[in-house]
Every structure is written in C-alpha cells, then in structure tokens.
1. Can you list the aspartates and glutamates whose alpha carbon sits under 12 Å from that of Lys124, skipping same-chain ones fewer than 8 residues off?
2. Which residues does a label at Val132 reach in the stretch 83-105, if reach means a backbone N under 15 Å from a point 7 Å past the Cα toward the Cβ?
3. Listed highest first by mean packing, meaning other Cβ atoms within 10 Å per residue, what order do 100-107, 123-130 come in?
4. Cα convex hull of the stretch 25-131: how many Å³ per residue?
5. What percent antiparallel are the DSSP beta bridges of the stretch 25-131, to the nearest 5?
Amino acid sequence: MAFEMRVLIVVVAMVVWLPSAAYAEQGTATFYTPPYVPSSCNGYQNDGVLIAAASAPIFNNKAACGRSYRVTCTGATNQGVPQPCKGTSVVVKIVDLCPSPGCQATLDLSQEAFATIANPDAGKITIEYNQV
C-alpha cells in the first residue's frame with residue numbers, strides 16, 4: 001500500500017509539474033545599463049541586478065511587478081554575433097516597464113542578467129521565458 005501511494009504521489013507531481021516546465025513563451029531580449037532606479041514598480045528600492053523591464057503586454061499595468069521569469073537565450077537576431085548564447089538560464093524579477101515605441105524586445109534585461117545568458121555584443125537575442 002505504501003509503495004502504491006508513493007507512485008501515486010510521483011505521478012500527480014509529474015502531471016502538475018510537466019506542463020509548466022514544458023511550456024515556454026518565445027520572444028526577444030535586449031539589455032539596459034545602470035542605474036536601475038527608479039523603477040515603475042518599486043521607485044528607488046534596490047532590487048539587485050537580476051531584474052528586467054517587461055514590454056507592455058507582459059507588464060499589464062503593473063500586474064507583472066515582482067513576478068519572476070526564467071529566461072534562456074535561444075539564438076541570434078542579427079549577423080554580428082551568430083552564436084551569442086552561453087547555454088545557461090537566468091531568473092529575473094520584473095521591476096519596470098519597457099515602454100513602446102522605444103521598447104525593442106519582449107524583455108529588457110539588466111546588463112548583468114543578459115551577460116549571464118548571452119554575449120552582450122549581440123545586443124538583442126531570441127529567448128524562451130516562463131514564469132517561475
């Protein structure tokens with residue numbers, strides 16, 4: 001009986017976890033440089049350096065403030081750096097709006113967050129991201 005219960009718990013956990021792990025949005029990322037304050041979400045509060053500004057659809061009138069996203073570089077968007085990705089992911093917290101029409105990406109990562117996943121010389125990359 002105990003074995004069956006453990007198997008059931010594992011199966012339920014996989015059913016709950018797998019869809020969220022397998023589902024990732026696709027978009028683009030750029031980066032911005034310090035100073036990172038003030039931000040739309042937290043004013044002059046220091047939120048560290050693993051942060052991002054979200055495009056208007058994600059930001060959704062501040063609804064995204066404080067949400068965390070795992071971001072993975074998937075490729076280049078230009079000919080300058082054909083293979084910018086480092087093969088890593090980074091988790092960033094949304095602290096600001098990347099306003100249009102100036103916003104050129106889905107997520108505008110801090111310089112440090114961008115450098116964690118890609119060569120900054122690329123300037124703009126394709127990404128997969130999901131809320132964590």
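No lab work stands behind these numbers, since they all come straight from the coordinates. Note that the structure is predicted; figures quoted are calculated from it, not measured. Reconstructed Cβ throughout: ideal geometry from the backbone, glycine too, with neighbour counts over all protein chains shown.
1. In chain and number order, the partners are Asp108.
2. Counting backbone N atoms under 15 Å from the label point, the list is 87-94.
3. So the peptides 100-107, 123-130, ranked by packing, come out 123-130, 100-107.
4. On the way: hull volume 9.1 nm³, N = 107.
Cα convex hull per residue, to the nearest whole number: 85 Å³.
5. On the way: 22 of 31 bridges.
Antiparallel bridges: around 70 percent, rounded to the nearest 5.
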